[in-house]
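The numbers here are math on the coordinates, done by the rules we state, and not lab data. Here the structure is a predicted model, which means the values were calculated and not measured. A quick note on method: Cβ atoms are made from the backbone with ideal geometry, for glycine too, and the neighbour counts reach across all protein chains shown.
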Amino acid sequence: MKINLIDLTNKIEQQDYLEDLETIKYAEISKSKTKIKTLASKMVKELGAAIRHDSLGHIALEVTGQRPVTFAIENNIINLPYSDYKKIANFFDENTKQPLNVYFETESDYLNASGFRIDQLATDKELIENEDEVSERLADAVMAKLHQVREYQKNETPVKSKTVSNKKVSTSKG
């Protein structure tokens, strides 16, 4: 599927896209790659249905618990979440049709300094042609991000800035 910037921004502004959110407790998936594979497969199938109907989609999985994290897949023309859709105009001509890709988003205070990461998972075409492979990639990505969230150490102490001494330095030319 290809879409121009005008149609893309209109669809996002009007929330004219398939949207789904599932919430699960961290304890239900912490040690179960099988459960993660099942959830990843469901997310990919839902986005696949949107793509087959020439639609956009935002499919999210919210993991609650001590270190909450939200995973989402979206199809877009650039690696920006729908929430930042107004920035897309900086990168594309509004009338030129662009191909859609599938992006995997991770959001958590325990992920990195920004609390957000987005990566390309596949093209729309790849997702349609091989849902199983894309589901496997998504499951692996979710597992990796869960591990990263689990291991993340926030910088608890403020960073001290280095002060430069007020000593005068003289230079002589000789």
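The table that follows gives values for the structure above.
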| item | result |
| --- | --- |
| Helix-only CD estimate at 222 nm, as mean residue ellipticity for the chain, using -39500 (n - 2.57) per DSSP H run (n ≥ 4) | -10500 deg cm²/dmol |
| 14 Å Cα-Cα reach of LYS86 towards aspartates and glutamates, excluding residues that sit fewer than 8 places from it in its own chain | ASP7, GLU13, GLU94 |
| Electrostatic dipole magnitude of the chain [Cβ: Lys, Arg +1; Asp, Glu -1; Cα centre; debye, to 20] | 1480 |
| Tilt relative to the chain, helix 131-151 - C-alpha long axis, 0 to 90 degrees, to 10 | 30 |
| Those aspartates and glutamates that a straight Cα-Cα span of less than 19 Å connects to LYS25, excepting residues fewer than 8 apart in one chain | GLU62, GLU105, GLU107, ASP109, ASP140, GLU151 |
| Among LEU146, LEU138, LEU21: highest mean-square fluctuation, GNM of the chain, C-alpha pairs under 10 Å | LEU21 |
| At most 15 other Cβ within 10 Å, DSSP loop - trypsin sites (Lys or Arg not before Pro), the range 126-157 | LYS154 |
| Summed residue charge, Cβ within 14 Å of THR34's Cβ, Lys/Arg positive, Asp/Glu negative | +2 |
| Mean-position separation - Cα centroids, the range 101-142 and the range 7-52, in angstrom | 10 |
| Global geometry of the chain, whether rounded, prolate or oblate, following the gyration tensor of its Cα atoms and the 1.5 cut on a/c | oblate |
| Flagged links, alpha-carbon separation over 30 Å, of LYS2/LYS33; LYS11/LYS33; LYS33/LYS97; LYS125/LYS145 | LYS2/LYS33; LYS11/LYS33; LYS33/LYS97 |
